[in-house]
Amino acid sequence: MRDVAIVGVGLMKWGELWEKSIRDLCVEAALSCFEDAGNDKIDSIVVGTMASGLLTGQEHMANMVPDYLGKKHVPAMRVESACCSGSQAVRTAFMEVASGMSDCVLALGVEKMTDVSGNDATYALATASDQEFEAFHGVTFPGLYAMMARKHMEQYGTTREQLAEVSSKNHRNGSLNPHAQYPFPMTREQVMNSTLVADPLRLMDCSPITDGAAAVLLVPATDAKKYKKHGMVVISGVGHATDTIALCQRKDMLKMEAVTLAAKAALKMAGKTIKDVNFAEVHDCFTIAEIMIMEALGIVKPGQGGPATLKGLTALEGKFPVNPSGGLKSKGHPVGATGVAQICEAVYQLRGEAGKRQVKNAKVGLTQNMGGTGGTSVVHILEAK
Ligand code: COA
């Protein structure tokens, strides 16, 4: 296998983007990525999107993207793994470059979610749950994560205040991110007083509905020296694992085994342990998710995610910053784009280009993206070289 580097990243400000269609989002992210790399010659494209058909009516995204990007005839494919689709696109692009099949691959993630009503967006998202055991009975993702939160509170004593600090900390970071959908600080009290969605989770415990896209350009590390605009960043580890799709079929609903296994594989490939990692971008689709992911990654012991967050371990200036970008909570969660945007943030951090939200001495970063209640997870390890 060849070593693989990231030589370009492209993002735009996310939010409720009425004036842009799904194709505009793809083109904007890709052009911004080409500009960042100083190169627009590509051999191949991988598109990650979860529900473009249900949310916009547009399927066949692997044809639409090269066409509207002015790249017709370039081979392109679409990958789908619910909210993990973006990092699956990066993983697929990685395999294409590492294998020697292609020399310059664009991985692009996109979702346009606000053109449909809240009900229709919730329906589209719920298609990622188990249709027979979960969706058929009316449970949606806020409800499923609420069950995990309630159990975590009962088993480990996790408090409402600890959950609120996840959101508050991510909003502090997001207020420093020009791409964020909700770039403003939020106190723990504001989180705890926001509208109840699914007890104990409130509106400000939930990632929002978002329009957005993100893109990264992958080349063999030996070619990366030609791209002199920025410091070099390599993907040194990739891990992927699955679990049961239905939450009720897990032996322990507080253990995200797919996250643990994906992280183990990625860290082993990179020759690292979690202690070597300087920061992480993780899938905080709900505040409880960030706490459980910290535990699944081994950043803290089971049950310690809440207290550690409240003590500041994961703050920007803490010992192990988590979600310096603002995470899904503040930056937004256009589901198919999220995994790619996590990689973009890791690259900004490792190049030292993250501005006011720069993590000090960032040399090794971890990204963790997942689908459903953790039924699929992909972890990447990135390093500054
Ligand atoms: N942070 C800050 N403000 C937010 C917010 C957030 N996460 N989410 C919504 N808001 C604001 C909106 O801007 C809006 O403000 P306005 O009235 O001034 O315009 C207000 O809060 C209400 O938002 P709205 O979008 O109308 O709420 P809703 O009731 O339709 O939807 C949720 C709220 C939580 C149900 C919805 O965002 C949701 O389903 N989130 C989870 C998505 C999900 O499951 N993703 C997949 C995870 S695996």
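Taking the criterion of being in a loop (DSSP other than H, G, I, E, B) and more than 15 Å from the ligand (Cβ to nearest atom), the residues of segment 276-291 that qualify are Val277, Asn278.
Look at (1) in contact with a helix residue (DSSP H, G or I) (Cβ under 6 Å, 6 or more places away or on another chain); (2) surrounded by 21 or more Cβ atoms within 10 Å (Cβ to Cβ) and you find that Thr195 fails only one, number (2).
Quick one: in segment 204-238, of everything that is surrounded by fewer than 20 Cβ atoms within 10 Å (Cβ to Cβ) and assigned to a loop (DSSP other than H, G, I, E, B), which residue is modelled with the highest pLDDT? Once the filter is applied, the top-ranked residue is Met232. Got at least one residue in segment 94-101 being in contact (Cβ under 8 Å) with a residue 60 or more places away in the chain, crowded, with 20+ Cβ neighbours inside 10 Å and of a type in the set (Phe, Trp, Tyr)? Yes: one or more hits.
Would you mind stating whether Glu165 is within 16 Å of the ligand (Cβ to nearest atom), acidic (Asp, Glu) and over 27 Å from Ala213 (Cβ atoms)? Yes; evaluated as a whole, the condition is true for this residue. When every residue of segment 195-214 is checked against the conditions, none turns out to be more than 12 Å from the ligand (Cβ to nearest atom) and among the β-branched types (Val, Ile, Thr).
Per-residue answers, yes or no, for (1) within 15 Å of the ligand (Cβ to nearest atom); (2) in contact (Cβ under 8 Å) with a residue 40 or more places away in the chain:
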position	(1), (2)
Cys84	yes, yes
Ser87	yes, yes
Ser117	yes, no
Ala121	yes, yes
Thr127	yes, yes
Gln131	no, no
Glu134	yes, yes
Val139	yes, no
Met147	yes, yes
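Return yes when Ile42 is within 25 Å of Lys228 (Cα to Cα), among the β-branched types (Val, Ile, Thr), crowded, with 19+ Cβ neighbours inside 10 Å and outside the structural domain of Thr373 (by TED's automatic domain parsing) and no when it is not. It is true that Ile42 is within 25 Å of Lys228 (Cα to Cα), among the β-branched types (Val, Ile, Thr), crowded, with 19+ Cβ neighbours inside 10 Å and outside the structural domain of Thr373 (by TED's automatic domain parsing).
The values are calculated or read from the model by the stated rules, or taken from the named source; none is laboratory data. Worth saying up front: this structure is predicted, and the values here are computed from it rather than measured. Cβ atoms come from the backbone with ideal geometry, glycine included; neighbour counts cover every protein chain shown.
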